[in-house]
Amino acid sequence: MKSFPPYRVQVVKEIPITTRPEREEALSRAGYNMFDVPAGMVTIDLLTDSGTGAVSAAQEAAAAAADRSYAGSDSYYRFRHALDELTGFPHIFPVHQGRAAERILFSAVLAPGRISLSNTHFDTTRANVELLGAQALDLPCPEAADLDSLDPFKGNIDLARLEEILAGPDGERVGQVLITITNNGGGGQPVSMANLKAVRELCKRFQVPFFLDAARFAENAWLVTQREAEYAGHTPRAVAQEAFALADGCVASLKKDAISPMGAMIGISDAEVAQRCEVNLIATEGFRTYGGLAAHDLERVAQGLEEVLNPHYLRSRTAEAAHLARLVNEAGVDIVQPPGIHALYLNAGRLLPHIPSSGFPGHALACELYLAGGIRCVELGSLYLGEFDEQHNLRTPAPFELVRVAIPRRTYTQAHLEYVADVLGTIAKNPESVPEYRVVDAPPILRHFNLKMRKA
Ligand code: F0G
């Protein structure tokens, strides 16, 4: 039976329709940097699934009735209740977004010279580790290196490497193990419960805290019910609860799977770590019952956490991504397989073999999607992950040249996604016409947000 979204559209927002000359002008004015293109010039915005989901009538009703009391507001207790029930952590703090959660939790457990181990650190996560003078090491499982393989859990951490490091001479320096579910920096692939349980055991044996970066906990839980035999027939809520129960704490941006425009949380078991976080929270984000969030966002989160775990919603969201993946493949464009949920990762290196890494095939494809169809997405290749010399020449390319096409929650219809596949299909018919790009100027850190490029 075909799945369909368990909601109907009640409020809509017009999207800009532009001409190719207008887009050429806008992209050139932005220095060929997608982050500098005004949203008013973007027709289909697939830059991120973060804070871009459509809110429900129930979320807006709760938001309208929010209690703005400084301390102990009703909205805080609703937020708290939803997260208590889901995560079970005794200490829970609201923060304004995921990176604030990272900064606060990591500064309670890491210090200069310490190491953070992960399946893959997301970019702000890595930045927050490194800003503390600690080292962020990614240990993706070997299966992740084969973009075409259909292995169901390519988001897993490499357990052999993890054990080797924990047991080796650097083991004493490991301050945390952080597992990102789903693995956004690793093709949006899920992590199995078996992998999480094995991490739990290793962390217990070596007495290292085990945290989740749970931004997409519901989508990971859904993929577990679909791909891990032991969990077939479990509800996504039960799987998510079990995942949280395995960890010593979590950071979670709630702009993704709480379908809220803003918000995040920190969950912690250890009372002493929680106390250190609380001091930092109050000094830098806000009091412990709002943590930098407006009451209306506490409400949107509490309600969104209910809605996101609805199996009908998760099934139709997964089907939407799978449908797009199928159309994209039929159009002759390969993606990181198997498709996850929140984004597809296009294999731009393979589509544009005439462009060497130094000409940034991922960026070139992202620019072409914008120029040809007003579609915005972002490169995940050498521009983002490569190493550069001082003249902005690429010294070490990234292992893959990808483009992430994120799918905001409840936002675009099947027809919008079919349009995206059509535009990609047009590009794939004539790939040699896509030009190379060069870096004109780039800052040393968080390069991709601030670069200026030109056509070669
Ligand atoms: N962790 C993961 C896995 C993320 O994907 C993000 C954000 C964060 C942490 C940081 O959360 O944005 O609330 O501060 N990802 C967005 C993206 C920006 O487009 O993938 P935040």
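Amide hydrogen proximity for residue 95: with H placed 1.01 Å from N in the peptide plane, the residues at 5 or more positions away or on another chain lying under 5 Å are 264, 265, 266. Close amide H pairs (under 5 Å, H built 1.01 Å from N) link residue 440 with 452, 453, 454, residues at least 5 positions away or on another chain. For the chain, the 222 nm mean residue ellipticity estimated from helices alone, with every DSSP H stretch of n ≥ 4 adding -39500 (n - 2.57) and the total spread over all residues, rounds to -12500 deg cm²/dmol. Averaging Cα coordinates gives a centre for the range 112-158 and one for the range 241-279; these two points are 19 Å apart. Entry note: the chain has Rg to Rh equal to 0.95, where both radii use alpha-carbon atoms and Rh is the Kirkwood radius. Please label the shape of the range 1-97 as rounded, prolate or oblate, based on the square roots a ≥ b ≥ c of the eigenvalues of the alpha-carbon gyration tensor (a/c under 1.5 means rounded; beyond that, a/b larger than b/c means prolate, else oblate). Here the range 1-97 falls in the prolate category. For the range 81-190, the list of trypsin sites (Lys or Arg not before Pro) that fall in a loop by DSSP and count at most 15 other C-beta atoms within 10 angstrom is empty. Here residue 85 and residue 452 are evaluated by their C-beta separation; at R0 = 56 Å the FRET efficiency comes out at 0.75.
Database remark: amide H of residue 136 closer than 5 angstrom to the amide H of 116 (H placed geometrically; neighbours at sequence offset of 5 or more, or on other chains; Pro and chain starts carry no H).
What the phi angles of the range 237-251 give under the Karplus curve with 6.51, -1.76 and 1.60, with θ = phi - 60°, is a coupling list of 4, 5, 5, 4, 4, 5, 4, 4, 5, 6, 9, 8, x, 7, 10 Hz, glycine and proline written as x.
Once the chain from residue 163 to residue 57 is taken as fully extended at 0.36 nm per residue, the excess over their C-alpha distance is 33.4 nm. To the nearest 20 debye, what is the magnitude of the charge dipole of the range 57-308 about its Cα centre, counting +1 on the Cβ of each Lys and Arg and -1 on the Cβ of each Asp and Glu? I would put it at about 440 debye. Coupling constants for the range 116-132 follow from the phi torsions by the Karplus curve (6.51 cos²θ - 1.76 cosθ + 1.60, θ = phi - 60°), and in residue order they are 10, 10, 8, 5, 7, 6, 5, 4, 5, 5, 4, 4, 5, 5, 5, 5, 8 Hz; glycine and proline get x.
Shown for the chain: lysine pairs separated by 8 or more places, or found on different chains, whose C-alpha atoms are under 24 Å apart, numbering 7. When +1 charges are put on Lys and Arg Cβ atoms and -1 charges on Asp and Glu Cβ atoms, the dipole computed for the chain relative to its Cα centre reaches about 560 debye. In a DSSP loop and with at most 11 other Cβ atoms within 10 Å, the GluC sites (Glu not before Pro) in the range 1-35 are 14.
Assign one of three labels to the range 57-308, namely rounded, prolate or oblate, based on the Cα gyration tensor with a ≥ b ≥ c the square roots of its eigenvalues; rounded applies when a/c is under 1.5, prolate when it is not and a/b is larger than b/c, and oblate otherwise. Oblate shape, in that a/c is at least 1.5 and b/c is the bigger or equal ratio.
Averaging Cα coordinates gives a centre for the range 430-456 and one for the range 359-404; these two points are 7 Å apart. Annotation for the range 371-418: GluC sites (Glu not before Pro) lying in DSSP loop with at most 11 further Cβ atoms inside 10 Å of their Cβ are 390. The string of couplings for the range 336-353 from the Karplus curve (6.51, -1.76, 1.60, θ = phi - 60°) is 5, 9, x, x, x, 10, 7, 6, 10, 10, 7, 8, 6, x, 6, 6, 10, x Hz, one whole number per residue in order, with x for Gly and Pro.
Throughout, read-outs are computed from the coordinates displayed, never taken from laboratory work. The structure displayed is predicted, hence computed values, not measured ones. Quick reminder, even Gly has a Cβ in these numbers, built from the backbone with ideal geometry, and neighbours come from all protein chains shown.
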